[in-house]
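J.: The structure follows.
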Amino acid sequence: MIFREAEAEIKELFDQFPAVGILGPRQIGKTTLALQIAESISPEPIYLDLESPSDLAKLTEPELYFNEHSNRVIILDEIQRVPELFAPLRSIIDKRKREGKKSGQFLILGSASLELLKQSSESLAGRIAYKTLSGLKPTELENDNNNRLWLRGGFPDSYLAKDDNSSFNWRQNFIATYLERDIPQFGIRIPASSLRQFWTMLAHIQGGILNLSTLAKGLGNSVPTISRYLDLLNDLFLIRKLQPWASNAGKRLVKSPKVYIRDSGLTHALLRIKNLEELSGNPIIGGSWEGFIIEMLIADLPSWALPYFYRTSAGAEIDLIIDAGNKKRIAIEIKRSLAPSISKGFTIGCEDIRATHRYFVYPGYERFPLSKEVTAIPLKEMMKELSMILSLP
């Protein structure tokens, strides 16, 4: 069984809200997770794939269909294909609330954030809770030393492939299918070759400061066009823009976001890196490792814990800051080194932001102090440590 942690979280939300939305890119495991949850629900939920003409036909009169199956949970997959369903969903949920049924009615799966959240904010505000699925995580994989997950990424079919070549071929096919079939289905008209070139450019600068002018020049397009490409990949959960910490008015701060491809396996596929040997000799190794660690740590943050990075013109730098409120600021440095050492820039950055917790995430297996304030820590332990810190008042 995979996604154990996400399953537990969604079940908890399902006990509180009439609808729960599971968001994430295609093939990340949303349907697998929903059907996994369905096994524990009685009577058996109804699953409707809204890309299937036969399932879509059942919802010609959605309110009538929902009323006829009021005693069963309904799973609606790829709901961004039928955004007009949000209005009848609101009507049904409100009607059932008046009748005393307040939770556990609909599981909604979606592959695009912008349109889905736009529609639900208009129709289901206060009636739905969201969980974004970012793929497999180290804490769910007992026999993985992070290298396989880092190389292949968190898409289940990629991670579970029989060998590295099979995984690489799956990701190449995923990229081609997304560009040539899936994105046009969202009604977006962008040449697949241009978007692939742009996506590959982002892979080459993994973890770099976003410079739209440089990207536009490299692609031979205007800045507004490049900005549109960037927003599209962000809305489809394929990249992450990490915003700079901007609460220190007395410093000259970097003000542009960093950009990461969210799945490390896709980073490697775009750069045609097939195995760990090829990765170890590639200049992208540092940025790839940093992006992998950051995605794992950010993926399950509660909405009130906000991630940032910090960089000043004087050289102070923190790879990841988690601002958890109540003057609780977690500073994390990330390097792929088995002999971690604290940089002067990290020390200065921690003083600048008044970090309350300081860590150095490295690829080893032991936790040990680097100084009185800084702890070297493996990824799995850092994920558990972060969860513990955030749970404290």
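Each reported figure results from applying straightforward, stated rules to the coordinates on display, with no laboratory input. Only a predicted model underlies this, so the values are computations on that prediction, with no experimental measurement involved. Quick reminder, even Gly has a Cβ in these numbers, built from the backbone with ideal geometry, and neighbours come from all protein chains shown.
J.: Work the Kirkwood hydrodynamic radius out for segment 303-377: mean of 1/r over every pair of different alpha-carbon atoms, inverted, in Å. Can you show the working numbers first?
T.: Details: mean 1/r = 0.0798 Å⁻¹.
Evaluated over segment 303-377, this radius sits at 12.5 Å.
J.: Here is a further query. Could you tell me the extents of segment 4-132's C-alpha atoms along the three principal axes, largest first, rounded to whole Å?
T.: 33, 28, 27
J.: Give me the log10 of I(q) over I(0) for segment 115-235 at q = 0.14, 0.17 Å⁻¹, as the Debye formula computes it from C-alpha points; what are the numbers?
T.: -0.85, -1.10
J.: Using the structure shown, list the pairs from LYS274/LYS335; LYS131/LYS327; LYS30/LYS258; LYS11/LYS102; LYS335/LYS380 with a Cα-Cα distance above 20 Å, or answer none.
T.: Going by Cα-Cα distance, LYS274/LYS335; LYS131/LYS327; LYS30/LYS258 fall outside the 20 Å limit.
J.: A further question follows. Can you give me the convex hull volume of the Cα atoms of the chain, divided per residue and expressed in Å³? It would help to have the intermediate numbers written out before the result.
T.: Working: hull volume 62.4 nm³, N = 393.
Per residue, the Cα convex hull of the chain comes to 159 Å³.
J.: Let me ask something else. Go through segment 311-372 and name the chymotrypsin sites (Phe, Trp or Tyr not before Pro) that are in a DSSP coil and have 15 or fewer other Cβ atoms within 10 Å of their Cβ. Mind showing how you got there, number by number?
T.: On the way: sites: PHE346, TYR359, PHE360, TYR365; in loops: TYR365.
Sites meeting the loop and neighbour criteria: TYR365.
J.: Could you pull out every whole DSSP H run in the chain that spans at least 30 Å of Cα extent along its own axis and averages 0.0 or higher on the Kyte-Doolittle scale? Let's see the in-between values first.
T.: On the way: long enough: none.
Once both thresholds are applied, nothing remains.
J.: Which order do TYR260, TYR178 fall in if you start with the one that has the fewest other Cβ atoms within 10 Å?
T.: Fewest-to-most Cβ neighbours within 10 Å comes out as TYR178, TYR260.
J.: Follow-up question, since we're still on this one. Hand me the chymotrypsin sites (Phe, Trp or Tyr not before Pro) from segment 272-322 located in a DSSP loop with no more than 14 other Cβ atoms within 10 Å, in residue order please.
T.: Answer by residue number: TRP304.
J.: Okay, moving on. For LYS97, go through the aspartates and glutamates and keep the ones whose alpha-carbon is under 18 Å away, minus same-chain ones fewer than eight residues off.
T.: Counting by Cα, and skipping residues close in sequence, LYS97 has these aspartates and glutamates nearby: ASP15, GLU63, GLU68.
J.: Listing VAL73, VAL254 from the residue with the fewest other Cβ atoms within 10 Å to the one with the most, what is the order?
T.: VAL254, VAL73
J.: Could you tally the net charge around ALA129, taking each other residue with its Cβ under 12 Å from the Cβ of ALA129, Lys/Arg +1 and Asp/Glu -1?
T.: 0
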